[in-house]
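In what follows, a structure is listed as structure tokens, so that the remarks can point back to it.
The values are calculated or read from the model by the stated rules, or taken from the named source; none is laboratory data. Just so we're clear, the structure is a prediction, and the values are computed from it rather than from any experiment. FYI the Cβ positions are ideal-geometry reconstructions off the backbone, even for glycines, and counts take in every protein chain you see. With ligands, DNA and RNA removed, areas are computed over all heavy atoms of the protein, side chains included. Shrake-Rupley method; radii C 1.70, N 1.55, O 1.52, S 1.80 Å.
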Amino acid sequence: MVMAGSQRAMRKYKVWMRHRYCSCCNRLGELLVHPTFQVKELALGTLMKFVQLEGAHPLEQPKWEGHYLFPRTLFRAVVGGLLSPTDDQSLLLSQFREYLEFDDVRYHTMQAASDAVAQVTNQQPEPPLTFWNNAFALLCAVSLPLQEQDLSSFYVKHAELLDKWKVTHLREHRKVFQTMWLSFLKHKLPVSLYKKVLMVMHDSILPHLAQPTLMIDFLTSACDVGGAISLLALNGLFILIHKHNLEHPDFYRKLYGLLDPSVFHVKYRARFFHLADLFLSSSHLPAYLVAAFAKRLSRLALTAPPEALLMVLPFICNLLRRHPACRVLVHRPQGPELDTDPYDPEEEDPAQSRALDSCLWELQTLQRHYHPEVSKAASVINQALSVPEVSIAPLLELTAYEVFEQDLKKKGPEPVPLEFIPAQGLLGRRDDLCAQFFTLS
């Protein structure tokens, strides 16, 4: 009887302690959105310590030997607090990055983030921008290793790592990573967030997906939006075409359609021309296509600012270097008159623009540009083009301020002597006829 009573008392004590522990975790979860950052930081550190201890000493015994143990319920509460719909958690997420170095934390973060996004979007048809920014910051913080053997760091310690555990295999991490991003991108995102996603798509998302081709619909839709979003989507599409054999016959047509006068003034000008240089680098492109791009850029150059011209003119010359068949555009002395130029600037299809029948008279016009550096760059076509290409990388970020500063730093020419014998006074030399008959009084 005494032993039975003692066991009942112990059971009641354990139940009471379990309730106190759950209450403590709930209160710490509420403190993740406290106005004071120091309080939020301490709450996060305490909760993550609980995650580690609960994983090593589970509240309930596993159902079978070798069962993988991780406190998913507690950890989902932590991730839910980080993805607050009302509070900006950017600073707290930067603190959470140190835990993402552990493979098991990263794996369960991806699962919990997918569940949290689904839960919030179900509760609120149009979540606030704060939630999307928090979710994007957390997703971007997840970076997968490149090799299987790199999966060796675990936050929750185990006596041994069993091969049957999904968390020990990189392919499973890739699947969860893919599910996380697809569950995020299927929602209608703010325009500012679309741009941020597309900026990291090519190097932080596509290389780690289990099936990169699943991004075709998202990138194609983004490419049809127009403006800066289309510009940024082209890089991801190009990777799918180049590395994953995606068939996209309208790719260069869409790139050609982005060439308008505003392209020299947009925020992403440097990135656009860097990508355009990459897309047009293949020597297997047809001559009519390259000629269309060269002609379109030459026509736009007539109204471009000097800082853009100093980058565009070497860009056009590089196209002619890569594709000798297009040099006819600058070796046609009996070219068409301006009013009979066969090139159609309104044509959206580069194959129908008849650029190869025209000539680059715009470059000859720019040889009389008011800025001497632009005139010098345009005069390169007057001589045989050198074999090595000119790198446009230093010119991509060139600004009007930098051009002005370069002009100010130029040294002026040396003084030119105008007469062998310098003048000796206002009326000339002493033996001058004017000096003999006139004097100043």
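Computed about the Cα centre, the dipole magnitude for the chain is approximately 2000 debye when only Lys and Arg (+1) and Asp and Glu (-1) carry charge, each at its Cβ. The heavy atoms of ARG18 present about 90 square angstrom of accessible area, all protein chains included, probe 1.4 Å. With contributions of -39500 (n - 2.57) from each DSSP H run of at least four residues, the per-residue ellipticity at 222 nm computed over the chain stands at -16500 deg cm²/dmol.
LYS186 to SER386: FRET efficiency via 1/(1 + (r/R0)^6), r the Cβ-Cβ distance, R0 41 Å, to the nearest 0.05? Between LYS186 and SER386 the formula returns 0.25.
Checking the Cα-Cα distances for LYS12/LYS166; LYS175/LYS243; LYS12/LYS164 against a 31 Å cut-off, the pairs over it are LYS12/LYS166; LYS12/LYS164. Farthest towards the positive end of the charge dipole of the chain, among the residues LEU356, TYR99, PRO286, is the Cα of TYR99, using unit charges on the Cβ of Lys, Arg, Asp and Glu.
The stretch between THR365 and TYR13, if pulled fully straight at 0.36 nm per residue, gains 117.6 nm over its current Cα-Cα span. Scattering from region 266-372 was approximated by placing one identical point on each alpha carbon and applying the Debye formula without solvent; log10 I(q)/I(0) at 0.10, 0.14 1/Å stands at -0.27, -0.54.
When region 168-231 is described by a simple charge dipole with +1 on each Lys and Arg Cβ and -1 on each Asp and Glu Cβ, the residue from THR179, GLY226, THR168 located farthest towards its positive end is THR168.
Given Cβ point charges of +1 (Lys, Arg) and -1 (Asp, Glu) and nothing else, what value in debye, to the nearest 20, does the dipole of region 258-359 about its Cα centre take? Magnitude of the dipole: close to 580 debye.
For helix 306-322, report the angle its Cα long axis makes with the longest principal axis of the Cα atoms of the chain; keep it between 0 and 90° and round to the nearest 10°. Around 90 degrees separate the two axes.
Viscosity 0.692 mPa s, temperature 37 °C: Stokes-Einstein D of the chain from its Kirkwood Cα radius, in µm² per second?
So the translational diffusion coefficient is about 119 µm²/s.
For region 122-274, taking the reciprocal of the average inverse distance between every pair of different Cα atoms yields a Kirkwood hydrodynamic radius of 17.5 Å. Against the criterion of solvent-accessible heavy-atom surface with a 1.4 angstrom probe, SER183, SER204 sort, most first, into SER204, SER183.
Only Lys, Arg, Asp and Glu carry charge here, each on its Cβ (+1 for the first two, -1 for the last two); on that basis region 10-167 has a dipole of about 860 debye about its Cα centre.
Surface listing: TRP16, TRP165 arranged by accessible area from highest to lowest gives TRP16, TRP165, probe 1.4 Å.
Measuring from centroid to centroid over Cα atoms, what is the spacing of region 163-216 and region 378-398 in Å? Region 163-216 and region 378-398 have Cα centres separated by 39 Å.
With respect to the chain, whose longest principal axis is taken over its alpha-carbon atoms, helix 191-200 is tilted by about 90°. Starting from the Cα gyration tensor of region 1-149, multiply each eigenvalue by 5, take the square root, and state the resulting semi-axes largest first in whole Å. Ellipsoid semi-axes (Å, largest first): 32, 20, 14.
Per-residue packing, averaged as other Cβ atoms within 10 Å, sorts the ranges 400-408, 70-78 into the order 70-78, 400-408, beginning with the highest. Compared with the dominant principal axis of the Cα atoms in the chain, helix 287-301 is inclined by about 70°. The calculated FRET efficiency for LEU91 paired with GLU60, based on their beta-carbon distance and R0 = 45 Å, is about 0.80. Remark: region 202-217, residue by residue, has Karplus-estimated 3J(HN,Hα) of 6, 10, 10, 10, 4, x, 9, 7, 5, 9, x, 5, 5, 8, 4, 4 Hz, where x stands for each Gly or Pro and the curve is 6.51 cos²θ - 1.76 cosθ + 1.60 at θ = phi - 60°.
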